[in-house]
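No value in this document is a laboratory result; all are computed from the given coordinates. The structure presented is a predicted model; accordingly, all values stated were derived computationally and were not measured. Neighbour counts are summed over all protein chains in view; Cβ atoms, including those assigned to glycine, are modelled from backbone coordinates with ideal geometry.
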Amino acid sequence: MLAMQVDVVRSWWRTRRAMRMSAGGLAAHRERQWRELQSSLARTPAIAQYPGKLLCEYPITEICDLRTDYGLWNSLGLTDADLREMADVAERGEDTGDIVAGWSTGSGGGTRGLFVANARERADYLGQSLARLLPPAALFRRQRIALHLRAGSALYSDVESGRMAFRHVSLDQSSAEALGEIEAYAPTVLIAPPHRLIDFARQGADLPSLRHLFTGSEAISAAETDFVTNVLGLRPRSIWQATEGFLGAECAGGRLHLNDHALAIELEPVCGTSAFRPIITDLRRRSQPVVRLRGDDLVELADDGPCACGYAGRVIRPIAGRAGDLWRLGDITLTPRQVVEAVENVLGARWNWQACASPHEAILRVTPDAPAEDAARAQQALARLAPVHVRVEHTLPAWTGPKRRKVVWTHPST
């Protein structure tokens with residue numbers, strides 16, 4: 001345990017130092033980490049023939065291809081069956097030793113990824129997270145950190161100390177049950193998905209000890225951010241995280257930075273938009289290398305100049321949706337952000353909604369208690385964007401699965 005805590009502190013210090021580097025310094029730092037990664041890549045079957053080459057010479061891999069055989073994507077000599085069994089064991093709360101495998105929250109479509117990490121990598125992950133999310137002074141105070149996630153994780157629990165305690169609150173509980181448990185725990189730090197923070201705000205959550213509020217795993221809109229801030233008294237800061245890595249975090253100044261100190265994230269243009277798909281290389285993961293893995297989230301750069309926080313990591317707009325949910329309507333392509341802004345300029349965060357489109361029609365589903373007049377105005381706003389028939393349904397089903405999807409594209413072949 002002591003060795004683990006020492007590794008956390010080392011990672012925290014290394015990250016804080018990188019957060020003071022210039023953009024050129026970060027680029028040189030990434031190059032050094034890439035060179036140090038090569039021996040692990042040589043032990044990874046899927047890419048064992050590439051070490052020593054430039055990053056751009058490695059193949060781009062789709063996430064679905066990686067997930068067909070995790071045995072090809074680890075440097076530990078473990079098979080796909082080994083890793084899936086380890087993840088299932090961890091899901092039941094059983095100890096798997098130094099090497100931990102686990103299941104991710106999953107995409108909006110329900111597909112879950114599998115991650116693998118040894119003790120040093122778990123310490124590195126936590127050290128990076130603490131450095132990117134909390135001010136240094138927060139580490140000298142006792143922190144009760146509530147993680148409102150689908151499943152608990154040894155990423156956190158095996159580095160608990162007298163100064164820092166973690167409580168996992170499962171998403172399998174109802175919103176009311178989860179809020180009761182969180183209020184009883186009285187966290188100083190809370191991490192939860194947006195739809196639960198909104199539920200908590202609607203229930204009048206009472207969290208007087210809360211000092212730091214973070215949200216991730218799904219998109220949160222500007223209207224929802226304002227609503228949660230007004231009710232809970234703290235502005236939720238966004239974390240961009242996936243099975244593929246800890247990709248970005250919002251600084252205290254409210255700008256979402258890519259974690260350019262530890263990842264090489266290439267940006268691949270998306271046709272018909274100003275957005276990009278990320279091609280992700282994690283420069284610090286060795287047990288399960290992530291090299292040129294193409295993500296599905298839509299990345300939009302924020303051209304606002306240097307950030308006052310001093311970190312030179314690239315600034316992006318909050319993730320608003322996935323490339324798979326672009327609305328391609330003839331010659332017009334609408335991004336999830338455009339759809340969200342059109343609807344929520346009318347509905348705000350008061351009611352749940354979902355907009356689904358196919359090449360010939362769009363449907364705006366709103367919760368039954370939403371006023372018909374507001375729903376009609378939102379329909380009109382959406383119709384001004386989408387060159388197809390838009391209709392309204394007051395029959396929004398309850399959110400299912402660990403993640404919600406507010407903007408959905410339904411292709412005729414699906």
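By how many degrees, between 0 and 90 and to the nearest 10, does the Cα long axis of helix 23-42 differ from the longest principal axis of the chain? So the inclination is approximately 70 degrees. Which is the longest part of the chain that has none of the GluC sites (Glu not before Pro) sitting in a DSSP loop with at most 16 other Cβ atoms within 10 Å? In the chain, the maximal stretch lacking such sites is 161-414. Set Lys and Arg Cβ to +1 and Asp and Glu Cβ to -1, take the dipole of the chain about its Cα centre, and tell me which of A383, Q38, H148 lies farthest positive. The Cα lying farthest towards the positive end belongs to Q38. Its residue count N fixes a reference of 2.2 N^0.38 Å for segment 291-414, and the Cα radius of gyration divided by that reference is 1.19.
Exposed loop trypsin sites (Lys or Arg not before Pro) only (DSSP loop, at most 12 other Cβ atoms within 10 Å): please give the longest stretch of the chain free of them, not including the sites. With a cap of 12 other Cβ atoms within 10 Å, the longest stretch comes to 164-414.
For segment 322-365, the residues whose backbone nitrogen is under 18 Å from a point 7 Å from the Cα of H389, taken along Cα to Cβ, are 329-330, 356-365. In order along segment 318-327, phi translates into HN-Hα couplings of x, 4, 10, x, 10, 4, x, 10, 5, 8 Hz, rounded to whole numbers, per the Karplus curve 6.51 cos²θ - 1.76 cosθ + 1.60 with θ = phi - 60° and x for Gly and Pro. To test your reading of the geometry: what angle, between 0 and 90 degrees and rounded to tens, separates the Cα axis of helix 2-18 from the longest principal axis of the chain? It works out to around 70 degrees. The I332 and A184 beta-carbon pair, evaluated with R₀ = 56 Å, returns a calculated FRET efficiency of approximately 0.65. P(r) tail for the chain: Cα pairs beyond 39 Å make up 18% of the total.
Helix 119-133 versus the longest principal axis of the chain: what is the Cα-based angle in degrees, 0 to 90, to the nearest 10? For 119-133 against the chain, the angle is about 50 degrees. Taken about its Cα centre, the chain carries a charge dipole of about 1160 debye when Lys and Arg each add +1 at the Cβ and Asp and Glu each add -1 at the Cβ.
Calculated [222 nm] ellipticity per residue, helices only, for the chain: -9500 deg cm²/dmol; basis is -39500 (n - 2.57) per DSSP H run with n ≥ 4, divided by all residues, nearest 500.
Of the residues T225, T96, T188, which exhibits the maximal mean-square fluctuation in a Gaussian network model of the chain defined by a 10 Å Cα contact cut-off? Greatest mean-square fluctuation among the candidates belongs to T96.
Coupling constants for segment 295-306 follow from the phi torsions by the Karplus curve (6.51 cos²θ - 1.76 cosθ + 1.60, θ = phi - 60°), and in residue order they are x, 10, 5, 8, 9, 10, 6, 9, 8, 10, x, x Hz; glycine and proline get x. FRET efficiency for the S175 to R350 pair, using the beta carbon distance and R₀ = 22 Å, is estimated at 0.85.
Each Cα pair of segment 175-293 feeds into the Kirkwood radius, which the Stokes-Einstein equation turns, at 25 °C and 0.890 mPa s, into a diffusion coefficient of 153 µm²/s.
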